[in-house]
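Peer 1: Sending over a structure as structure tokens; questions will come in a sec.
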Amino acid sequence: MRRKLNSEYDYIIVGAGSAGCVLANRLSADPDCQVLLLEAGPSDWHPFIHMPAGLAKLAGNTRLNWSYQTAREDRLDGRSLWWPRGKVLGGSSSINAMCYVRGHRLDYDEWATMGATGWNWDSVLPYFIRSEDNSRGGDALHGDAGPLSVTDLRHRNPLSDVFLEAANQAGQRHNPDFNGPDQDGFGYYQVTQRDGSRCSAAQAYLTPIRERRNLTVLTEAMAARVLFTGDRADALLFHHRGQPNCVRVRKEILLSGGAINSPQLLMLSGIGPADELRRHGIDIQIDLPGVGANLHDHLDICTLQRCTRRALTYDRVSDVRVALEYYLFRRGPGTSNIAETGGFVRSEFAPDARPDLQYHFVPAQLDDHGRNRLPGDGYTVHACVLRPLSRGRLGLNSGNPFDPVRIAANYLSDPHDFDLKMMREAVKFSRHLLAQPAFAPYRGEEILPGADIRDDDGLDAFIRRKAETIYHPVGTCRIGAADDPAAVVDPDLRVHGRRGLRVVDASVMPRLIGGNTNAPTIMIAERAADLILASPH
């Protein structure tokens with residue numbers, strides 16, 4: 001796919017993550033259209049990217065991971081939280097847990113009421129279907145001919161079945177398809193895998209078109225600034241392996257760097273809050289206060305319990321055996337996404353028909369994203385609040401594109417303490433699940449929060465001490481009408497006040513959807529491709 005760099009392209013796509021790979025595929029389908037795709041990280045050659053269980057080995061790999069740190073979070077005991085994001089072809093789809101979840105249909109109808117005209121459920125469903133190749137076949141809600149392989153797990157840990165039995169004992173329905181008619185209930189996640197290997201956006205959308213002569217893909221290419229003539233974006237300045245380059249664009253520049261990098265590049269290009277730009281000596285193209293604002297994320301809290309049957313958990317599996325079984329036969333624990341089962345719960349505080357809590361069960365002990373290895377054997381219940389009210393903001397640390405942004409997530413900052421209350425409820429229900437009879441033969445001591453923590457004050461202190469991101473930041477370039485001062489892009493994803501410039505990634509979401517964000521990001525890019533191709537240039 002890598003070609004000699006031209007001086008001009010029809011489209012320049014910044015970021016080869018979940019959205020950028022989709023755009024590169026769809027826009028380059030026209031052989032007369034020249035497309036340049038830039039990725040700051042390397043190619044996706046690393047074997048642990050492709051072996052699903054290898055995600056556990058990638059956490060500390062800073063070559064493939066932006067490894068951001070938030071500012072100190074006042075309501076999380078002043079901790080600076082680690083925010084991993086993919087820095088590689090495929091972006092975060094190359095390092096995530098591969099859960100294929102779209103969210104609730106009412107999430108998208110809500111977007112439409114917030115100014116995202118054309119992004120209601122009936123409008124976006126065809127793009128979910130178009131992207132999907134579901135091993136169960138196609139129907140009114142699923143596709144079976146798209147680039148993205150969605151399938152059932154090849155390997156299932158016995159404790160995952162125990163967890164589902166416990167959920168049933170706790171009064172929860174079995175749900176075989178979280179993307180079916182109803183979202184609530186517990187079951188196995190379908191995953192973005194093909195033949196037992198990870199099917200990232202790069203594998204789904206780039207690998208099949210690697211021979212297209214009109215598509216140029218550059219890795220290790222760091223975007224620095226969008227250049228303008230009048231109000232039109234007409235060139236991009238970037239650094240490729242240490243060397244500065246400038247390429248012109250005939251039609252559009254498309255920012256697909258994600259909820260962190262896209263607003264950063266806008267600000268470096270003079271688009272953002274005027275005071276923030278002046279502070280760093282950046283010439284103001286247009287004062288858009290919404291750039292970097294509306295940052296929100298799913299905050300996660302883990303409940304851990306010892307397992308009395310050592311052979312069942314993934315804590316002590318043989319890495320050599322797992323690797324051999326995977327690479328020789330594409331089966332065994334190496335094909336697991338680790339977070340095999342989970343569910344969606346509608347608490348007593350849910351304001352409407354949508355579940356407001358999500359769970360992931362892991363047959364291993366996970367603390368601090370798996371970076372803190374605990375002794376012994378155990379299992380973990382992840383829980384997150386699906387629609388938090390707290391909002392943060394991104395800012396620049398400098399005008400240097402190689403300096404990371406300043407991330408103030410402001411977790412648990414909503415004035416009514418709703419998010420904290422819901423996190424507390426999430427822990428209580430995690431404990432309720434683990435207390436069911438199904439776990440009796442396996443149940444050891446509770447590691448976290450710990451048996452001594454029983455009252456609400458103790459749970460609140462535990463949450464402030466241990467809660468972490470579950471990797472779903474959105475909203476920092478949100479969709480909205482031209483007269484909405486908080487909006488960054490219009491419903492066609494064009495940056496307000498500028499021509500030839502769009503943002504296409506999770507940053508445009510007005511509000512978090514109820515679930516994992518990878519599938520919705522791919523949908524956004526699928527629909528954006530149609531919008532772009534239908535636009536006069």
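The values are calculated or read from the model by the stated rules, or taken from the named source; none is laboratory data. Worth saying up front: this structure is predicted, and the values here are computed from it rather than measured. In this analysis, Cβ positions are derived from the backbone assuming ideal geometry, glycine residues included, and neighbour counts consider all displayed protein chains.
Peer 1: If we scan the range 191-203, do we find a residue that is acidic (Asp, Glu) and over 29 Å from residue 39 (Cβ atoms)?
Peer 2: No: zero hits.
Peer 1: I've got another one for you. Note down all Cβ pairs under 7 Å where the first residue falls in the range 403-423 and is in a helix (DSSP H, G or I), the second is of a type in the set (S, T, N, Q), and they're at least six residues apart or on different chains.
Peer 2: 419/390
Peer 1: Could you check residue 280 against (1) farther than 30 Å from residue 218 by Cβ; (2) surrounded by fewer than 20 Cβ atoms within 10 Å (Cβ to Cβ); (3) out of contact with any Lys or Arg (no Cβ under 8 Å at 6 or more places or on another chain) and say which number it fails?
Peer 2: Here residue 280 meets the rest and fails (1).
Peer 1: For the range 51-69, which positions are in contact (Cβ under 8 Å) with a residue 40 or more places away in the chain and either within 13 Å of residue 412 (Cβ to Cβ) or of a type in the set (Gly, Ala, Ser) (or both)?
Peer 2: Those that are in contact (Cβ under 8 Å) with a residue 40 or more places away in the chain and either within 13 Å of residue 412 (Cβ to Cβ) or of a type in the set (Gly, Ala, Ser) (or both): 53, 54, 56, 59, 60.
Peer 1: Applying the selection to the range 69-96, what residues are closer than 24 Å to residue 420 by Cα, outside any loop (DSSP other than H, G, I, E, B) and of a type outside the set (D, E, K, R)?
Peer 2: Within the range 69-96, 69, 76, 82, 83 meet the criteria.
Peer 1: Just a yes or no: is a residue in the range 369-392 assigned to a loop (DSSP other than H, G, I, E, B), over 18 Å from the mean Cα position of the chain (by Cα), of a type in the set (Asp, Glu) and over 21 Å from residue 54 (Cα atoms)?
Peer 2: no
Peer 1: Continuing with this model, one more query. Could we say that residue 233 is under 21 Å from residue 249 (Cβ atoms), in contact with a Pro (Cβ under 9 Å, 6 or more places away or on another chain) and buried (at least 22 other Cβ atoms within 10 Å of the Cβ) here?
Peer 2: Judged against the criteria, residue 233 is not a match.
Peer 1: Suppose the filter is over 28 Å from the mean Cα position of the chain (by Cα) and at pLDDT 95 or above; does residue 307 pass it?
Peer 2: yes
Peer 1: May I ask you to list the residues in the range 221-275 that are over 26 Å from the mean Cα position of the chain (by Cα), of a type in the set (A, V, I, L, M, F, W, C) and under 19 Å from residue 397 (Cβ atoms)?
Peer 2: The answer is 274, and nothing else.
Peer 1: Is it true that some residue in the range 336-357 is without any contact (Cβ under 8 Å) to a residue 24 or more places away in the chain and within 27 Å of the chain's Cα centre (by Cα)?
Peer 2: yes
Peer 1: Starting from the range 1-28, take each residue that is surrounded by fewer than 18 Cβ atoms within 10 Å (Cβ to Cβ) and list its partners that are among the small types (Gly, Ala, Ser) and at pLDDT 95 or above, counting only C-beta distances under 9 angstrom and pairs at least six apart or across chains.
Peer 2: Once the first residue is surrounded by fewer than 18 Cβ atoms within 10 Å (Cβ to Cβ) and sits in the range 1-28, its partners that are among the small types (Gly, Ala, Ser) and at pLDDT 95 or above give 8/235.
Peer 1: Next question. Taking residue 38 as meeting all but one of (1) crowded, with 24+ Cβ neighbours inside 10 Å; (2) at positive phi, write down the number of the exception.
Peer 2: Going through the list (1) crowded, with 24+ Cβ neighbours inside 10 Å; (2) at positive phi, residue 38 breaks only (2).
Peer 1: From the residues in the range 167-202 that are assigned to a helix (DSSP H, G or I) and in contact with a strand residue (DSSP E or B) (Cβ under 7 Å, 6 or more places away or on another chain), which one is surrounded by the fewest Cβ atoms within 10 Å (Cβ to Cβ)?
Peer 2: The selected residue is 168.
Peer 1: Let me ask something else. Criterion first (in contact (Cβ under 8 Å) with a residue 60 or more places away in the chain, within 26 Å of residue 341 (Cα to Cα) and surrounded by 21 or more Cβ atoms within 10 Å (Cβ to Cβ)) does residue 437 satisfy it? Give the steps one after another, and end with the answer.
Peer 2: Details: in contact (Cβ under 8 Å) with a residue 60 or more places away in the chain: yes; within 26 Å of residue 341 (Cα to Cα): yes; surrounded by 21 or more Cβ atoms within 10 Å (Cβ to Cβ): no.
No, not satisfied.
Peer 1: Filter the range 494-531 down to residues that are farther than 24 Å from residue 344 by Cβ, in contact (Cβ under 8 Å) with a residue 40 or more places away in the chain, among the basic types (Lys, Arg) and surrounded by fewer than 24 Cβ atoms within 10 Å (Cβ to Cβ), then give me how many there are.
Peer 2: Number satisfying all stated conditions: 3.
Peer 1: Shifting gears a bit: Counting only residues that are in a helix (DSSP H, G or I) and in contact (Cβ under 8 Å) with a residue 40 or more places away in the chain, which one in the range 101-110 is surrounded by the fewest Cβ atoms within 10 Å (Cβ to Cβ)?
Peer 2: Restricting to residues being in a helix (DSSP H, G or I) and in contact (Cβ under 8 Å) with a residue 40 or more places away in the chain, the top hit is 106.
Peer 1: Still on this structure, please answer the following. For the range 159-180, check the following and say yes or no: at least one residue is free of Cβ contacts under 8 Å to residues at least 60 places away in the same chain and within 21 Å of the chain's Cα centre (by Cα).
Peer 2: yes
Peer 1: Could you tell me whether any residue of the range 465-483 is within 24 Å of the chain's Cα centre (by Cα), under 26 Å from residue 159 (Cβ atoms) and hydrophobic (A, V, I, L, M, F, W, C)?
Peer 2: Checked the range 465-483: at least one residue is within 24 Å of the chain's Cα centre (by Cα), under 26 Å from residue 159 (Cβ atoms) and hydrophobic (A, V, I, L, M, F, W, C).
Listed here are the residues, each with its yes/no results for (1) surrounded by fewer than 22 Cβ atoms within 10 Å (Cβ to Cβ); (2) closer than 17 Å to residue 339 by Cα; (3) of a type in the set (D, E, K, R).
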position: 69; (1), (2), (3): yes, no, no
position: 77; (1), (2), (3): yes, no, yes
position: 87; (1), (2), (3): no, no, yes
position: 93; (1), (2), (3): no, yes, no
position: 112; (1), (2), (3): yes, no, no
position: 157; (1), (2), (3): no, yes, no
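Peer 1: Give 328, 374, 366, 389 a once-over and let me know the one that is crowded, with 19+ Cβ neighbours inside 10 Å and either in contact (Cβ under 8 Å) with a residue 12 or more places away in the chain or not polar (S, T, N, Q) (or both).
Peer 2: Working: 328 fails: crowded, with 19+ Cβ neighbours inside 10 Å; 374 fails: crowded, with 19+ Cβ neighbours inside 10 Å; 389 fails: crowded, with 19+ Cβ neighbours inside 10 Å.
Among 328, 374, 366, 389, only 366 is crowded, with 19+ Cβ neighbours inside 10 Å and either in contact (Cβ under 8 Å) with a residue 12 or more places away in the chain or not polar (S, T, N, Q) (or both).
Peer 1: Mind telling me which of the residues 457, 484 ends up being of a type in the set (Asp, Glu) and within 26 Å of residue 417 (Cα to Cα)?
Peer 2: Values: 484 fails: within 26 Å of residue 417 (Cα to Cα).
Criteria check complete, one pass: 457.
Peer 1: Select from the range 121-142 the residues that are over 13 Å from residue 100 (Cα atoms) and buried (at least 21 other Cβ atoms within 10 Å of the Cβ) and list them in ascending order.
Peer 2: As a first pass, look at the range 121-142 and keep what is over 13 Å from residue 100 (Cα atoms): 121-127, 130, 136-141.
The answer is 124, 127.
Peer 1: Does residue 353 satisfy the criteria of being buried (at least 19 other Cβ atoms within 10 Å of the Cβ) and either charged (D, E, K, R) or part of a loop (DSSP other than H, G, I, E, B) (or both)?
Peer 2: When the stated conditions are applied, residue 353 does not pass them.
Peer 1: Something else: How about the range 481-491: which of its residues are touching a residue at least 60 places away in the same chain (Cβ under 8 Å) and surrounded by fewer than 24 Cβ atoms within 10 Å (Cβ to Cβ)?
Peer 2: 481, 484, 485, 486, 491
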